[in-house]
Amino acid sequence: MDRTSSIGELKGIGAKTEQLFHNLGVYTIGDILLHYPRDYDKLPPITPLPDLPKLADRARGQEGFTAAIAARVEKAPVVRAGRNLKVTSLTLQSQGVKADLVWFRMPYLKATLKPGEWFVFLGKVTQKGNLFHMEQPQVFQPEKYESVQECLWPCYPLTTGLGKNKLSQTVKKALEELDLSVDYLPEDIRARRGLAEYNFAIGNIHFPESGEALEQARKRLIFDEFFQFILSAGMQKGQMDEVLNQFVFPPLGEQGGTLWADQVMEGLPYQLTGAQGRTLQEIRQDLRGRKVMQRLVQGDVGSGKTIVAFLAMLDVSQAGYQSALMAPTEVLAVQHYQTFTGLCKEHGINVPIILLTGSLTKKEKRSAYERMQLYPNAMVVGTHALIQERALYDNLALVITDEQHRFGVKQRETLFLKGSQPHILVMSATPIPRTLAIILYGDLDISVIDEVPAKRLPVKSCVVGTGSRGASYEFLRKEIAMGHQAYVVCPLVEESEGLDAENVTDYAQALLRELPDGVVVESLHGKMKPGRKNLIMEQFARNEIQVLVSTTVVEVGVNVPNATVMMVEDAQRFGLAQLHQLRGRVGRGDAQSYCIMVNTTDSAKAKKRLEILNQSNDGFFIAGEDLKLRGPGDFFGVRQSGLLEFRLGDIYQNADLLKQASEEANLLLSEDSQLALPGHKGIRGQIQSYLNRQADTVNL
């Protein structure tokens, strides 16, 4: 058994449970080790049953609280047989305090909970009048509880039907089954950077021996993520540095007007910003340069990257070559296709534009493949379908990936190999400070579009507490009554065991009750099938849906100028760069737009972070301020979810480790650019596994 073995090969994983793991993206034993905890719990101190009312007073206003109740069992539990399950109940009493405990499908507890003996019951306590209630509490002998009280217990991302105990047990079995003694990272690097060995790190990230051990484990695994990312990019750069440009383009005219791109620019109802013009000029010169272009365009939300990409693709089409733009979602691919088609029609330019996505019918895909062979100057727009085996290009000269952080190096390389060494342009709206961008995108030249079109009104932002939800809902009602639309973003898809945060499923239902009859509220999240997601976004774009309750899947959604409100629940759980991305979903039309961020904590630090978004609409300023505020120890709750390919690492919080990993990767590549030396065999194998993982897990 090794890392590539199916998760179903572990003892105790049947077909039904295996499918639940698939819902979490866990298919192999290696995958379960990479399914890191999202947080850790420390067990609460023991509370004697008579002191339970004091705890309840401190937790007043909450829907229950977690407690470890110490009590003596006076009477044996009662087991009752229901229609489909057995229910075990136990009543505890002491000094006038009474608690009812209930377990489902655990009749064996009757033999364990013997009258006259003391136990500790750990679980969520709710109160009705003077009676306390616990469902499914864990049972400990007092001595056993005291021995584990200081331990850190992992809290994993879960799915319905798969509890934390089962997940923890599965991780333990995987750790026992695999031989993790061989470390791919050379000892000299570990010594220089003070890094733990891999087997220590992977064990302690799941089941920390102490807070210090957890910190060491995170440091090592985050270093690994950065190191592997930079190495893979550096190896690709080494392969491509000497690739010569074999494509011939007509020269750029000083006055313009002779090329299609110039013709379109002259006919646009607005002028490109200075930053757009500068970036486009750099791209057009690259297309005509000696070497193949490898360029990143970083542009803030709403800065106009799409029109720059379209104009570059026009240059390619006019020269008689094909171009391909790969978007991270079908919704965005369809939007680009419609935008490009409209621009060509409006300006009288006859260029074949082909849409290729996974949800097309077989007949539609066959037609797209045929047209790709038929038209040597076509613009092809799509998703990951662009890199599938049957997608063959006739004359590919330019590859563009939109939202680069959603695609790994492997996807970019696969699309590159579809043509005869085409030019590569990657675009990102993720605001990354230039010092970090140079490290992360060392294989690319960087252009920055740091201006927003003048016609756009800045989005007005505010941070509110949970007490302002009523006022926020009233504001939603007014905007909808004016004919506008709204997004509401929640951190979770569905209710999650052990995580107190709003979820899309329940919130959409609750919001329906708050809004007037006739207002259409719909939910959207990444677990939906692509066709369903596309339909919902299309309906929202047509104003057939007034309020869209979503996860961050809308971060790279369609352009809906009529949407004027972005409301983010549990805003403190998101990184500032991501909140800025979400805010960029509104403010795309002529009406004033608003962003309401609901902070559900009393943390002064969280409030200070969120207030940064009130100071500026400049994503690069916000990212820089976030970098200053975030420090070691801020492990959870504010990670830039979805940013690049990192599971643990955060380029803002872990900037120092990123720089260290970059130094080590560059030193290694300077000695052996393709890791071909025998001593680097282990690292090369690890990088290959890393690239294969990225190919399998591209976020679509």
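The values are calculated or read from the model by the stated rules, or taken from the named source; none is laboratory data. If you're wondering where the values come from, they're calculated on a predicted model, not measured in any experiment. Counting neighbours? That spans all protein chains shown, and the Cβs are built from the backbone with ideal geometry, glycine included. Accessible surface areas use protein heavy atoms only, side chains included; no ligands, DNA or RNA. Shrake-Rupley method; radii C 1.70, N 1.55, O 1.52, S 1.80 Å.
Just a few scattered comments:
- Residues of segment 93-105 classified as open to solvent by less than 40 Å² (accessible area, probe 1.4 Å) and within 45 Å of the chain's Cα centre (by Cα), total: 4
- Scanning segment 39-54 turns up no residue that is over 22 Å from Lys144 (Cβ atoms) and among the polar types (S, T, N, Q).
- Here Lys166 meets each of (1) modelled with pLDDT under 95; (2) under 30 Å from Arg684 (Cα atoms); (3) charged (D, E, K, R) with one exception, condition (2).
- For Glu242, the test of being modelled with pLDDT under 90 and in contact with a strand residue (DSSP E or B) (Cβ under 8 Å, 6 or more places away or on another chain) is passed.
- Conditions (1) open to solvent by 10 Å² or more (accessible area, probe 1.4 Å); (2) part of a strand (DSSP E or B); number of the one not met by Val488: (1)
- Cβ-Cβ under 7 Å pairs, at least 6 apart or on other chains, segment 158-180 side farther than 14 Å from Gln19 by Cα, far side of a type in the set (Lys, Arg): Lys173/Lys11; Leu178/Arg3
- Looking across Ile69, Ile46, one residue alone is touching a helix residue (DSSP H, G or I) at 6+ places or on another chain (Cβ under 8 Å), open to solvent by 30 Å² or more (accessible area, probe 1.4 Å) and within 21 Å of Thr126 (Cα to Cα). It is Ile46.
- Test result for Asp2, closer than 30 Å to Arg220 by Cα, open to solvent by 50 Å² or more (accessible area, probe 1.4 Å), out of contact with any strand residue (DSSP E or B) (no Cβ under 6 Å at 6 or more places or on another chain) and in contact (Cβ under 8 Å) with a residue 40 or more places away in the chain: yes
- Segment 140-165, residues that are in a helix (DSSP H, G or I), under 29 Å from the mean Cα position of the chain (by Cα) and buried (at least 16 other Cβ atoms within 10 Å of the Cβ): Lys164
Each row is one residue, and each column tells you yes or no for (1) within 25 Å of Phe620 (Cβ to Cβ); (2) hydrophobic (A, V, I, L, M, F, W, C); (3) modelled with pLDDT of 90 or more; (4) surrounded by 19 or more Cβ atoms within 10 Å (Cβ to Cβ).
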| position | (1), (2), (3), (4) |
| --- | --- |
| Arg630 | yes, no, no, yes |
| Gly642 | yes, no, no, yes |
| Gln653 | yes, no, no, yes |
| Asp656 | yes, no, yes, no |
| Glu664 | no, no, yes, yes |
| Ser673 | no, no, no, no |
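- Hits in segment 321-361 - residues which are open to solvent by less than 10 Å² (accessible area, probe 1.4 Å) and among the aliphatic types (A, V, I, L, M): Ala324, Leu325, Met326, Ala327, Ala333, Ile354, Leu356
- Where a residue in segment 312-339 is within 30 Å of Leu524 (Cα to Cα) and its partner, wherever it lies, is in a helix (DSSP H, G or I) and among the basic types (Lys, Arg), with Cβ under 9 Å and at least six apart: Met326/Arg412; Ala327/Arg406; Pro328/Arg406; Thr329/Arg406; Thr329/Lys533; Glu330/Lys533; Val331/Lys533
- Among the candidates Gln127, Gln62, Gln95, Gln141, the residue that is of a type in the set (S, T, N, Q) and on the phi > 0 side of the Ramachandran plot is uniquely Gln95.
- Of all residues in segment 169-202, those satisfying the criterion of being small (Gly, Ala, Ser) and either farther than 19 Å from Arg38 by Cα or open to solvent by 20 Å² or more (accessible area, probe 1.4 Å) (or both) are Ser181, Ala191, Gly194, Ala196.
- Search result, residues across segment 252-291 that are open to solvent by 40 Å² or more (accessible area, probe 1.4 Å) and within 18 Å of Asn377 (Cβ to Cβ): Thr258, Trp260, Gln263, Arg288
- Restricting segment 558-574 to residues that are touching a Lys or Arg at 6+ places or on another chain (Cβ under 6 Å) and in contact (Cβ under 8 Å) with a residue 60 or more places away in the chain, the residue that is farthest from Lys533 (Cα to Cα): Met566
- Residue in segment 28-41 that is farther than 30 Å from Gly211 by Cα and out of contact with any Phe, Trp or Tyr (no Cβ under 9 Å at 6 or more places or on another chain) present: no
- In this entry, Ala15 passes the filter for residues that are hydrophobic (A, V, I, L, M, F, W, C), open to solvent by 60 Å² or more (accessible area, probe 1.4 Å) and free of Cβ contacts under 8 Å to residues at least 24 places away in the same chain.
- Restricted to segment 1-97, the set of helices (runs of 4 or more DSSP H) holding at least 1 residues that are of a type in the set (S, T, N, Q) and either at pLDDT 90 or above or farther than 30 Å from Leu180 by Cα (or both) comprises 15-23.
- Annotation: of all residues in segment 606-622 being without any contact (Cβ under 8 Å) to a residue 12 or more places away in the chain and assigned to a helix (DSSP H, G or I), the one that is surrounded by the fewest Cβ atoms within 10 Å (Cβ to Cβ) is Gln615.
- Search result, residues across segment 520-558 that are open to solvent by 20 Å² or more (accessible area, probe 1.4 Å), assigned to a helix (DSSP H, G or I) and closer than 20 Å to Arg477 by Cα: Gln539, Ala541
- Apart from one condition, Leu579 fits all of (1) surrounded by 24 or more Cβ atoms within 10 Å (Cβ to Cβ); (2) touching a residue at least 40 places away in the same chain (Cβ under 8 Å); the exception is (2).
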